[in-house]
Structures are given as C-alpha cells and as structure tokens.
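**Student:** My questions will all concern the structure given below.
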Amino acid sequence: MSAANTKAGLEGVIAGSTDICSVEQGALIYRGYEIDDLARNATFEGVAFLLLVGHKPSAVELKAFDSELKANRALPKEVCDFLKITPPMLKSGSAVPMDILRTAVSMLGNLDPQCQDNSPEAERAKAKRLTAQIPTVIGHMQNALEGKAAVAPDASLSHAANLLWMMTGVKPTAKAARVMDVSLILYAEHDYNASTFSARVICATLSDLHSAVTGAIGALKGPLHGGANEAAMDMLKEITVAHKAGTSVEDWMLQAFADKRKLMGFGHRVYKNGDHRAGILHALGRELAEQKGPEWVELFDLGERVQKIMLDDKQIHPNVDFPCGMTYFTMDIPVPQYTPIFVASRITGWAAHVMEQHAHNRLIRPVSEYTGPALSGWNS
Ligand code: CMC
C-alpha cells in the first residue's frame with residue numbers, strides 16, 4: 001500500500017523556522033549576508049562568529065574570537081591516543097575518516113566538563129571548542145595514517161591555513177589557504193539540510209550539543225549529502241581512467257545515463273537552477289589548478305565537459321560538492337578527508353541550530369501514515 005498523504009523525503013515541507021540561514025533559488029543568505037559577499041569579503045572565523053553569536057563581529061570581537069579558537073585547538077590526551085590507534089581500522093576499511101571523526105567528537109563530549117550543560121553560555125563555549133578541535137582531529141588522524149608524528153597546531157596560522165598545515169606538515173601558500181578558507185565559508189550553513197535537521201531532532205529531546213553533532217556527522221557522511229564531495233572525485237577518477245583507456249567522456253556519460261546512475265556532485269533538493277556555491281568554488285579551484293600546471297587544469301577541463309553534458313542532456317546543474325572534489329584534489333588533500341573537512345566547517349551551522357532549537361524548544365515528533373498489514377489476531 002502506498003502512502004497517500006505524505007511527501008517522499010519531506011520534499012517542500014516547511015519543517016520549522018530559522019533566523020540563521022535562507023536557502024533560496026536565487027540566493028544563499030547567512031543571517032542577512034549573501035554568500036558571494038561573504039566569500040569575497042569575509043573569513044571563515046568571521047562567518048563562524050556570525051553564525052554562533054548572531055551578528056557580524058567588530059574588529060575587536062573578531063580578534064578575541066580568533067584568539068579563543070587558537071587557544072582551544074589542542075586535543076585531550078585521550079583523544080590523541082585514540083587517533084594513534086586508528087590506522088589499522090582505516091587501512092582495513094572497517095572505518096573511514098568520517099567514522100573516526102564521529103567517535104572522536106563523541107569522546108570530546110565525554111571529556112568536556114560542560115557536556116551536560118545546555119545553557120546558551122555553555123553551548124556557545126562548547127561550539128567554539130569543537131570548531132577549534134575538529135581540524136586537529138582531522139590533522140592528527142591523517143598524520144597517524146601516514147605513520148608520521150602528530151603535527152601540532154600553529155597559532156600564527158588562520159583556521160584554514162592551520163588545517164592544511166596540520167594535515168600535511170607543510171605551510172600552505174596564501175592562495176591555497178584562501179581557497180580552503182572560502183570552501184569553509186561556503187560549507188558553513190545550509191538551513192534544514194539532512195544533517196542539521198538530524199542535529200535539531202536530537203537536541204530537541206533536550207540532549208546535548210556533542211550528541212547532536214555526533215548524529216549530524218553520521219547524517220553528513222552519506223553520499224547523497226556531504227559524502228558527495230568524495231564520491232564526485234572518485235567518479236572523476238573513474239572517468240579519467242576510462243578516458244585514458246579510450247572511452248570518451250560522452251560515451252561514459254551515456255552509459256551512466258543508460259544505467260540510471262546518479263552522478264555525484266550533481267542535483268539538489270532545493271536549487272533547481274544551480275547552486276550559487278558551486279560557481280564560486282569552481283572559479284577558485286580552477287585558478288589554483290592554473291597556478292599548479294597543465295595536468296591539473298586538465299581535471300577541470302574534464303569536469304567542465306561532464307557539467308556541460310549533464311546540463312545539455314539532463315538539465316541538472318552541479319552542486320558545491322562537484323567543484324569541491326576537484327579543488328581539494330588540486331590541493332593534494334586525500335579524498336577520504338574531504339567530508340571530514342566539510343564537518344570542520346558545518347560544525348558552526350549545526351551548533352547555531354542547536355542553540356536556536358534549545359532557545360525555543362519543542363520536541364520534534366512527527367507522525368506517520370500506517371501502510372502495513374490489516375489487523376489480525378495473534379491466536380487466529
Ligand atoms: N544524477 C543523475 N540524475 C539525477 C541526479 C544526479 N546526480 N540528481 C537528480 N537526478 C534525476 C533523478 O534521477 C530524477 O529523475 P527522474 O525524474 O527521471 O526519476 C530527477 O533528476 C529528480 O531527482 P530527485 O531524485 O527527485 O531529486 P532529489 O531532490 O530527491 O535529490 C539529490 C537530490 C541531491 C539527493 C540528488 O540530486 C542526488 O542524488 N545527487 C547526487 C548526490 C549529491 O551530489 N549530493 C549532494 C547534495 S548537495 C550538497 C550536500 O548536501 O553536500
């Protein structure tokens with residue numbers, strides 16, 4: 001029996017209100033600031049303050065916020081020890097970096113003295129700590145995986161530059177740091193997307209911030225949501241291999257359409273005329289590739305052919321995860337860390353939503369339409 005009174009995937013259903021973000025066909029707005037403006041003129045630290053505190057920071061506020069983030073980058077010893085034992089799990093494939101990050105965030109909650117305190121002051125303090133700590137988890141995890149000593153955070157570096165530094169042990173160029181910074185701005189917030197909605201459902205039971213973020217990480221991991229940035233790059237690698245073996249991009253795409261394959265990094269539940277974030281990141285990623293050399297530009301050329309065929313044949317635009325895959329690849333970031341980096345940014349949006357939910361809380365408990373078997377007797 002099919003459900004007559006439901007919307008599959010809650011498509012188009014207004015599930016609540018928010019002051020934090022507006023996702024529109026023609027615009028993406030964080031607390032009154034348009035995404036192009038933020039990508040051009042703000043830093044991730046400024047956007048994080050805007051989301052977590054509620055207004056654009058003054059120069060003094062931004063400096064203090066930045067210092068607070070820098071002061072909170074180090075991880076408790078217990079979490080460092082956990083990250084050191086993760087390489088066998090990652091190498092065997094029983095875990096991927098998103099799973100390790102999910103466990104580390106849960107542990108950070110266990111070790112946070114304010115974990116059970118849902119007051120606005122405690123939640124903002126915890127949100128800042130998590131924002132500062134998540135890049136360190138990613139960095140130390142990657143270092144352990146490569147058999148290297150953990151790279152300590154560098155307080156002279158911005159949030160984005162420090163993330164790259166901790167992952168690689170190499171100081172990024174100003175351009176690479178800025179491209180990472182912009183990608184973090186673009187990923188920071190997106191109203192009632194699946195992971196944020198999950199966070200709101202969890203905290204609406206009056207559960208705590210770390211529990212909500214742990215659940216949100218689980219939701220973001222899937223390839224229909226944040227996992228699409230990794231899946232998009234894996235798909236581009238597959239097309240490249242096929243291309244080198246003599247299959248044209250056009251033929252690969254036609255086969256994918258015939259197989260009814262979902263192309264990762266394309267389509268969106270809300271944006272039907274394109275995702276504003278995709279164009280911004282594509283342009284920056286391409287600039288980076290042009291600086292790096294022709295073989296990197298080739299990747300963007302290939303991506304642009306895939307985009308054109310998708311648009312011509314299916315009228316489907318790329319979402320932000322498509323250029324993200326190519327951009328992070330150009331930055332030599334290992335593919336399985338792309339979605340954890342998304343977390344390093346979206347933690348700010350999630351935390352803002354948890355605070356907003358707790359400020360006007362009502363348990364989120366919808367109903368379902370029963371479509372199961374008709375009533376029968378256990379003994380009949
Ligand atoms: N590749 C091929 N066909 C697609 C795609 C795609 N990526 N996206 C949508 N379509 C087709 C879909 O098959 C359907 O065709 P038909 O009407 O013939 O059955 C039509 O377009 C409508 O799609 P839909 O499945 O109803 O759209 P949706 O709103 O349920 O799905 C989506 C949105 C994002 C889950 C989907 O576009 C998708 O699976 N994309 C690939 C994964 C992806 O890139 N996810 C990232 C989302 S945005 C950023 C983020 O959250 O990280």
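Where a number appears in this text, it was derived from the coordinates with a stated rule and is not lab data. Just so we're clear, the structure is a prediction, and the values are computed from it rather than from any experiment. Backbone-built Cβ (ideal geometry, glycine too); neighbour counts: all protein chains shown.
**Student:** Rank the residues Asp313, Asp208 as a footprinting-exposure proxy: fewest other Cβ atoms within 10 Å of their Cβ go first.
**Tutor:** Values: Asp313 12, Asp208 22.
Ascending Cβ contact count within 10 Å gives the list Asp313, Asp208.
**Student:** Taking the mean number of other Cβ atoms within 10 Å as a proxy for protection, how do you rank 213-222, 131-140 from highest to lowest? Don't skip to the answer; put the middle values down first.
**Tutor:** Details: 213-222: 22.9, 131-140: 25.3.
Top to bottom by mean Cβ count within 10 Å: 131-140, 213-222.
**Student:** With 17 Å as the cut-off, how large is the P(r) tail for the stretch 42-158, expressed as percent of Cα-Cα pairs?
**Tutor:** Numbers: 3991 of 6786 pairs.
Counting every Cα pair in the stretch 42-158, those more than 17 Å apart make up 59 percent.
**Student:** Which of Thr6, Thr103 has the fewest other C-beta atoms within 10 Å, and how do the rest follow up to the most? The partial results should precede the final answer.
**Tutor:** Numbers: Thr6 14, Thr103 19.
Ascending number of Cβ neighbours within 10 Å: Thr6, Thr103.
**Student:** Further question: Once Rh for the stretch 247-368 is found with the Kirkwood sum over Cα pairs, what is the Stokes-Einstein diffusion coefficient at 25 °C and 0.890 mPa s, in µm²/s?
**Tutor:** Translational diffusion coefficient: 147 µm²/s.
**Student:** Counting other beta carbons within 10 Å of each Cβ, put Tyr30, Tyr271 in order, fewest first. Don't skip to the end; give the middle numbers.
**Tutor:** On the way: Tyr30 24, Tyr271 19.
Result, fewest neighbours first: Tyr271, Tyr30.
**Student:** Also, quick follow-up: List, in the order given, every pair from Lys56/Lys84; Lys128/Lys175; Lys175/Lys260; Lys175/Lys221; Lys244/Lys292 whose Cα-Cα distance in the structure shown is over 32 Å.
**Tutor:** Values: Lys56/Lys84 38 Å; Lys128/Lys175 26 Å; Lys175/Lys260 39 Å; Lys175/Lys221 28 Å; Lys244/Lys292 21 Å.
Where the Cα-Cα span goes over 32 Å, the pairs concerned are Lys56/Lys84; Lys175/Lys260.
**Student:** Sticking with this structure for a sec: Compute the separation of the alpha-carbon centres of the stretch 20-42 and the stretch 50-103 and state it in Å as a whole number.
**Tutor:** Using only Cα atoms, the two centres lie 25 Å from each other.
**Student:** With springs connecting C-alpha atoms under 10 Å apart, model the chain as a Gaussian network and identify which of Glu24, Glu295, Glu369 has the largest mean-square fluctuation.
**Tutor:** Evaluated over the chain, the most mobile residue of the options is Glu369.
**Student:** Can you find, among Gly16, Pro153, Pro88, the residue sitting farthest towards the positive end of the charge dipole of the stretch 16-365, where Lys and Arg contribute +1 and Asp and Glu -1 at Cβ?
**Tutor:** Working it through, the farthest residue towards the positive pole turns out to be Pro88.
**Student:** On the Cα set of the chain, report Rg and Dmax in Å, please.
**Tutor:** Cα radius of gyration and Dmax of the chain are 21.3, 76 Å respectively.
**Student:** Highest mean first, how do 115-121, 314-320 rank when packing is the count of other Cβ atoms within 10 Å averaged over residues? Walk me through the numbers on the way to the answer.
**Tutor:** Numbers: 115-121: 12.6, 314-320: 19.3.
So the order, starting with the most tightly packed, is 314-320, 115-121.
**Student:** Here's something else I'd like to know. Using amide H atoms built 1.01 Å from N in the peptide plane, name the residues 5+ places from Glu34, or on other chains, whose amide H lies under 5 Å from its own.
**Tutor:** Under 5 Å from the amide H of Glu34: no residue qualifies.
**Student:** Still on this structure, please answer the following. Cα extents of the stretch 169-249 along the three principal axes, largest first, in whole Å?
**Tutor:** Rounded to whole Å, the extents work out to 56, 33, 24 Å.
**Student:** Hey, can you rank 282-288, 64-70 by average C-beta count inside 10 Å, highest first? Walk me through the numbers on the way to the answer.
**Tutor:** Details: 282-288: 20.0, 64-70: 17.3.
The peptides rank, most packed first, as 282-288, 64-70.
**Student:** When the Kirkwood radius is taken over all Cα pairs of the stretch 136-280, what Stokes-Einstein diffusion coefficient follows at 20 °C and 1.002 mPa s, in µm²/s? It would help to have the intermediate numbers written out before the result.
**Tutor:** Numbers: Rh = 18.2 Å.
Here the translational diffusion coefficient equals 117 µm²/s.
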